[in-house]
1. Among the residues of segment 44-66, are any out of contact with any strand residue (DSSP E or B) (no Cβ under 8 Å at 6 or more places or on another chain), modelled with pLDDT of 85 or more and within 23 Å of residue 158 (Cα to Cα)?
2. Looking at the structure I just gave you, is residue 169 modelled with pLDDT of 75 or more, surrounded by 14 or more Cβ atoms within 10 Å (Cβ to Cβ) and either under 15 Å from the mean Cα position of the chain (by Cα) or at positive phi (or both)?
3. If you go through segment 1-33 one residue at a time, how many are among the charged types (D, E, K, R) and surrounded by fewer than 13 Cβ atoms within 10 Å (Cβ to Cβ)?
4. May I ask you to list the residues in segment 205-226 that are modelled with pLDDT under 75 and not in a loop (DSSP other than H, G, I, E, B)?
5. Are any residues in segment 1-41 under 30 Å from residue 99 (Cα atoms), of a type in the set (A, V, I, L, M, F, W, C) and under 17 Å from the mean Cα position of the chain (by Cα), and if so, which ones?
6. Can you tell me which residues in segment 141-179 are among the hydroxyl-bearing types (Ser, Thr, Tyr) and part of a helix (DSSP H, G or I)?
7. Quick check on segment 93-109: of everything there that is crowded, with 16+ Cβ neighbours inside 10 Å and not hydrophobic (A, V, I, L, M, F, W, C), which residue is nearest to residue 240 (Cα to Cα)?
8. Just give me the residues in segment 203-244 being acidic (Asp, Glu), free of Cβ contacts under 8 Å to residues at least 60 places away in the same chain and more than 16 Å from residue 180 (Cα to Cα), in sequence order.
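The values are calculated or read from the model by the stated rules, or taken from the named source; none is laboratory data. Just so it is clear, the model here is predicted, and its values are computed rather than measured. Positions of Cβ are backbone-derived with ideal geometry, glycine not excepted, and every protein chain shown enters the neighbour counts.
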Amino acid sequence: MKAVWATYTRELRAYFFSPLAYIVMFFFLIVTGFIFINLVGNLVDPRVTAPDPALSYFFRSSWLMLILLAPVLTMRLISEELRSGSIEILMTAPITESQVVTGKYLAALTFYASLWLPTLVYAILIARQSEVDWGPVAAGYLGILSIGALLLAVGTFASATTRSQLVAAMVSVALVFLLFLLGMFEGLLTSEGLKQALSYVNLFDHIDELSRGIVDTRRLAYYGTGVLFFLFLATRALEDKKWR
């Protein structure tokens, strides 16, 4: 546990001391602010007879950021260590590959969560002007964090497969897009079994349900299983690099 904590704190400091982190945070807040302005416009527009529940539009409009954030936040996690050779020094310490991967992943997840923390102000601003159902808001943030956790695990795996940050980002984007695209093939299938399977992994449906306050434990089990699977792959990839 001490090894994981040491890796976690080291990586978290690297995030907050990196100029790239603040560039990401700046553009993230610009985009979320724009989405929030559109949300307010929908809420006050008299032509909108049945506006979305508070912030559900905000969560459903944030899926593109989920695709882009994961590669950006994870592309340097392990690939930079491999490129610089510092991974060899790290691996000579009394620490296992799984502890390295876990510590780095948790740091990325913490920074990812910190990006969304300021957006709680949006819910507070809406609550001051109208009644807010906090159930869908909490479910929406749970969805944002859960899906983000899965995509960050995918990015961590991609970063462990190469020494190039650019290649890691490209692989991560491809895998993340694949996860999002899987559900889009549901309507093309005739087999009910395959349709149900794709519906189970359809991230667009997940976002829509969670943004409306529907929390399905099967979705959460999917995220948890996916995180463990991709972190396992990242560990194996790092072990493979160790012996080359």
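1. No.
2. Yes, satisfied.
3. So the count comes out to 2.
4. Across segment 205-226, the qualifying residue is only 211.
5. 12, 21, 24, 25, 28
6. Correct list: 141, 146, 156, 159, 172.
7. 97
8. Result: 216, 240.
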